Structures are given as C-alpha cells and as structure tokens.
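No lab work stands behind these numbers, since they all come straight from the coordinates. These numbers were taken from a predicted model, which means no experiment stands behind them. Positions of Cβ are generated from backbone atoms using ideal geometry, with glycine treated the same way; all protein chains shown enter the neighbour counts.
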Amino acid sequence: MDDLYYDFTMNKRPKNKRNKILFIIFLIVVISVVSFSTYLGIEYAKSNAKTQENIENGSNSETTPESKNDNLSNEEIKSIPKRIPIYTEAGIEKMNNVYSSTPENKRVFLTFDDGPSSNITPLILDVLKANDVKATFFTLGSRVVQNPELVKREYEEGHYIANHGYSHVYSSIYASKNTLLDEYNRTEEAIRSAIEVPEYSSHLFRFPGGSVGGKYNKVKKEYKKLLAENQVFYVDWNCLNEDASGNRTKEQLVQYIKEYSENKNSLVVLMHDAGDKILTYETLQEVIDYYKENGYTFCNFYDVIEYEEK
C-alpha cells in the first residue's frame, strides 16, 4: 500500500497528512469518473432505444418536433357518433366518379399511406385538427398493432381509417388471392381492436404500389374483382407530393402538389405519414393553405362511402 502514496516528484515518501489529502483527492476523482461513466451509459442506452424505435417506424430522422398531444377529452369522445362505413350501390357510383367534379364544387381528399408512426402521425394530426380538415389514413396493419392509440385518435377526430394491407411486402401481398385477403382482413382486425369498435369495416383498400402497373399488374386486375366480391372499394390517387421518391426538399414537395393539381376539380392527394416523412409534416400547412386559397373543399371518404352512426 505504501507504493500507492509514493511522491514521484520528490522521490521520497511524503508526510502522513499530505498522504491523507492525496488519498481523499484520489477517491473524489475515482468516484467522479465512475459517476460520469454511469451517466453516459444511461444516456447512450436511451439514445440507442430511440434510434431503434425510429428504425422500426421507418424513420431516418434523429429528432422531430413534439406533438401538442391535444387529444379530445373523455366527454368529447363519448359525444362523437361511431361511424361504420357500409357498402352500397350508391357508394359504388360515387367511387366510380371520385375524380370528377365541377369548377363550382372543387374538392380535395388528403390521404396518408404507410402509417401510423409514433413520430410523424401525431404532428400531422395536430395540423389537421388546427385547420379542421378531415383526412383519410390508409394504415398498415403491422403499424396499427404498434401504435393503436394513434389509430384511435385518428378515428375519434373524424378521419377515415382505411386499409393498405398488413406488411407492405409486395411478394407477400400479391402471392395469391388468399394472401391478399389475409393481409386485408388482418389489417381490418387490427383497426377494430385499435379503435375499439368491433363492427367497424373500412370497405376501402389502397393497393401498395397502386392498382395498375409494375410487376404485379396482371394479378392486380384479378384482385380488383376479388375485392368487389368481398364488398371492398379500392382507390388510387391523381395528385401527389412525391414524398416517396427519394430525397426531396420542402419546396419540391409543395411544387409537385401544385403541378399535379392543375386543371383538376376533384383531387385525391397521396402523401405518407411513415416515420421518415418529416418534410410531409413540415409542408402540410402550406399545402392546406394552397387548397383553401384556390377554392377547394376538404373531404374524406365518409363524403363518398355511406355509413351508419352508432
């Protein structure tokens, strides 16, 4: 132990009092280093957990603004009628004409695919609520299971909850008629569980990748008939912000919206609320303002597909 207190600068052993002081300083330094290392370890673990959550949600963004989390009160929720979509002949006719309207009745359907995500969907919901705009969310069943409270919030705030399949894996979805129906039905079950409305059926599907084109174009034609036989509508889009096409700027997303909207009186706008779509959130207010300034009425698919209230 004597070697521990050896004074290398004087090449001799210091006095006992000085030894005690040096020993106390040594202990303070050791305790400080251990405490700081423990703190860094905890912070690293938190950071690692957050990164993993972002990966699972499809996010490549390290930070996002916080949602206001201004959900409805329990009393407000109780007063909201539960809307249950139904499949009718009138709905079929309206869906067949969803892209048609007159200059005097311009309308726009804001739709969001691939959610919900824990970091982006709440922010989008905040913007929609602040503007009293009702949208349509084409949810992925796997992400509904991960974020049921967000789907419930969407439903309770008057948005239409629709179906985008369970996995978004094309080779799985389009492998056969049975796999398509299985993905659809699993997502419907997840939605019912999330919103706590056992009788809910969306009757509305969006094909991952769209209903035409691509490697699976031929089978998609058969699946459209299959959906109709099972009382399910499908819808694509005629306007988009290109947020799924790689790196974009906010200015580009808004410009695409404007270009695709030209000379159209009825718009179904494709956007996404997956975890990496922060620019979609950041441009949403400008998109809403653009449509307001150009005389569009905001709709969701409750304005097309008939429903019952319970």
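General observations
- Selection among N294, T88, A130 by position relative to the dipole of the stretch 74-309 gives T88 as farthest towards the positive end (Cβ unit charges, Cα centre).
- Annotation: amide H of D113 within the under-5 Å range of F138, M271, H272, D273, sequence separation 5 or more or interchain, hydrogens built in the peptide plane.
- Gain upon complete extension [E156, E66; 0.36 nm per residue less C-alpha separation]: 30.3 nm
- Anisotropy class of the stretch 74-309 from Cα gyration tensor, a/c 1.5 cut: rounded
- Pairs of lysines in the stretch 71-218 (C-alpha under 25 Å apart; 8 or more residues apart or interchain): 15
- At R0 = 30 Å, FRET efficiency that the Cβ-Cβ distance of E199 and E222 yields, to 0.05: 0.55
- The stretch 86-118 versus the stretch 187-206: alpha-carbon centroid distance in Å: 18
- Rounded Å value of the spacing that divides the Cα centres of the stretch 122-179 and the stretch 216-249: 15
- Amide H to amide H, with H built 1.01 Å from N, S266 comes under 5 Å of S101, R107, counting only residues 5 or more places away or on other chains.
- In this structure the amide hydrogen of D236, modeled in the peptide plane, comes within under 5 Å of no amide hydrogen from residues 5 or more places off or on another chain.
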